[in-house]
1. Taking the criterion of being open to solvent by 50 Å² or more (accessible area, probe 1.4 Å), at pLDDT 95 or above and of a type in the set (S, T, N, Q), would at least one residue in region 124-135 satisfy it?
2. Need pairs with beta-carbon distance below 6 Å; first residue over 23 Å from D51 (Cβ atoms) and within region 110-132, second at pLDDT below 95 and of a type in the set (D, E); sequence gap 6+ or separate chains.
3. On the given criteria, is F97 open to solvent by less than 30 Å² (accessible area, probe 1.4 Å) and more than 24 Å from A160 (Cβ to Cβ)?
4. What are the pairs, 6+ residues apart or on separate chains, where a residue within region 147-159 that is in a loop (DSSP other than H, G, I, E, B) and at pLDDT 85 or above has its Cβ under 7 Å from a residue that is surrounded by 13 or more Cβ atoms within 10 Å (Cβ to Cβ) and among the polar types (S, T, N, Q)?
5. Only residues that are closer than 14 Å to V134 by Cα and open to solvent by 70 Å² or more (accessible area, probe 1.4 Å): list them for region 100-112, please.
Amino acid sequence: LFLRASAWESQRLRVEFEQRAAVLANKLETTLSEYEEVVGSLGSLLHVVPDIDRAAFRQFTRRPLSKYPALQALGWNPIVKHADRTRFEAEARAQGFEGFEIKELDDTGRLRTAATRPQYVVAHYLEPEMNNRVALGFDVASEAQRENALQLARAVPGVAATARISLIQARPGD
């Protein structure tokens, strides 16, 4: 009798666990689909309005950032050819970003002026700006893990994700 009761209890616990896991998996899938929709909408906007200005980008991202608090930032990282680097940096400084330059991480994890490369993928618009300002100008392609994610995103249709990375703007403990 004890063995049969124990087996029933084990079965009941397994069924309860599977039901709870299914609910959580469904919630996770729904949430990821919503985030994918946000990223897709932003991509569509940038395709239709390739010369979007900072104010319009901020306005567009305001709603999804308030609706989805798990999103730390939404950004636009244009590809900048080396021949256009000086002009690009000057334009950003003229828009009020004093000292703006294209940056990369050094061996100790500190930001420095990016080395010369044929092109850069620059964190140019990041919202909310105040929380992410330190990352503006970062060359996303300057770091191997991020460059691999960029290559994957170019190669596959839809949304691609990176492995866990430390954000440039992250504070200790984030």
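The values are calculated or read from the model by the stated rules, or taken from the named source; none is laboratory data. Since the model is a prediction, treat every value here as computed from it, not as a measurement. For neighbour counting, all protein chains shown are included, and Cβ atoms are generated from backbone atoms with ideal geometry for every residue, glycine included. Calculation scope for accessible area: heavy atoms of the full protein, side chains included, ligands and nucleic acids excluded. Shrake-Rupley method; radii C 1.70, N 1.55, O 1.52, S 1.80 Å.
1. no
2. R112/D106
3. Yes: the conditions hold for F97.
4. none
5. Within region 100-112, R110, R112 meet the criteria.
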